[in-house]
Amino acid sequence: HTFMGGLSHRGSQGVSGMILDQTVKPETSFAGRKSWFFLDNQVICLGSDISCDEPEYPLQTNLCQKGLAPNDEGEHAPIVVDGEQVTVFPDERQLDPARPHWFIDPYQVGYYLPAGQTATVARQHQTSRSTWDEVDTEGDMVVAWIDHGVAPTDGDYEYMLVVRATPETMRSLSAEPPYLVIQRDQDAHIIHHAASGLWGCVLFVEQEVAPHAADEEILPVKAVDRPCLIMAETSDDGQLHLSVADPDLNLVDGVNQARALQVT
């Protein structure tokens, strides 16, 4: 496995990323780039360059899988999908990929999905195996996922989590998302968060960063000489604030070693 993980933050903001290159079984592997941008009560989640050579089963990005405990009357807590309160159990609905969607799970977590993605939200009884594959387990669950199809070669995804979400909040965010995806490929995942003026950068490789602009602001990062995580903000007085993290453990004989990082 090759992983990039870490957190760069100022206050309640942060960013993390991962390079995934994993063997599932001897003849099957999957790979991709993943990133998470934490901005107050929002988590913006991006994926790109997703590939898998499994010839039979579809590859999915799991949005949630949470238990539904029935009350004394045997009823399950409802969820809200595009403004509709869903109380039916079991229930499964595929979301129209031609338009954006949002839903709220029973734990007040909201999910916003832009158009162009094949997603499903379900309330169902399901069986599975325990964490260490020791015993059968079962339970009533709310689950949601994005389907990338069988053996994708260049899959991607985009969604946003909202903590303590309300239908009013999700309607507003869906109508006018608070962020813009600037770059999403094997070199970098970069967003601009208009509400805060922050740039979030997951730079997967050494690179000269492509020039970007959004909302009359210019991305101030020009180049990095190693993979890194950066958040950048220009204050009203013209000062540039940077938060930079090295996501690599830099292990040498099991001990973390400091390394210089050059950011232009």
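A few notes on this one:
- For the chain, the solvent-accessible area works out to 54 Å² per residue, with a probe of 1.4 Å and every protein chain left in place.
- Convex hull volume of the Cα atoms of the stretch 1-156, normalised per residue: 153 Å³.
- Among Leu39, Leu251, Leu113: highest mean-square fluctuation, GNM of the chain, C-alpha pairs under 10 Å: Leu251
- Here is the list for the stretch 72-150: GluC sites (Glu not before Pro) lying in DSSP coil, each with at most 13 other C-beta atoms within 10 angstrom of its C-beta, are Glu73, Glu75, Glu134.
- Divide the volume of the convex hull around the Cα atoms of the stretch 120-162 by the residue count and you get 136 Å³ per residue.
- Taking every alpha-carbon pair under 8 Å whose residues sit at least 6 apart, the chain reaches a relative contact order of 18 percent.
- Mean separation of Cα contacts under 8 Å, 6 or more apart, over the residue count of the stretch 150-264: relative contact order %: 16 percent
- His193, His125, His241, His212, reordered so the largest accessible area comes first (probe 1.4 Å): His125, His241, His212, His193
- Neighbourhood charge, 12 Å Cβ-Cβ cut-off, centred on Ser130 and excluding it, Lys, Arg +1 and Asp, Glu -1: -3
- The spacing between the stretch 9-49 and the stretch 81-135, judged by their C-alpha centroids, is 20 Å.
- Listed residue (Gln124, Ala144, Pro114) projecting farthest to the positive dipole end of the stretch 114-156, Cβ model: Pro114
- Applying a DSSP loop filter and a limit of 15 other Cβ atoms within 10 Å to the chymotrypsin sites (Phe, Trp or Tyr not before Pro) in the stretch 167-253 leaves nothing.
- In terms of its C-alpha gyration tensor, the stretch 97-168 comes out oblate, because a/c is 1.5 or above while a/b does not outweigh b/c.
- The protection proxy used here, the mean number of other Cβ atoms lying within 10 Å of each residue, ranks peptides 150-158, 215-223 as follows, highest first: 150-158, 215-223.
- Listed residues Asp91, Asp82, Asp187, most fluctuating in the chain (Gaussian network, C-alpha, under 10 Å): Asp91
- The stretch 73-134: C-alpha pair distances exceeding 19 Å, %: 41 percent
- Fraction of accessible area attributable to carbon and sulfur, the chain (%, probe 1.4 Å): 48 percent
- With contacts taken as Cα pairs under 8 Å at a separation of at least 6 residues, the stretch 1-147 carries a relative contact order of 17 percent.
- GNM flexibility winner over the chain from Asp253, Asp49, Asp140 (Cα, springs under 10 Å): Asp253
The values are calculated or read from the model by the stated rules, or taken from the named source; none is laboratory data. As the structure is a prediction and not an experimental result, all values here were calculated from the model. Glycine also receives a Cβ, built like all others from the backbone with ideal geometry; neighbour counts cover every protein chain displayed. Protein only, heavy atoms only, side chains kept; ligands, DNA and RNA dropped before computing areas. Shrake-Rupley method; radii C 1.70, N 1.55, O 1.52, S 1.80 Å.
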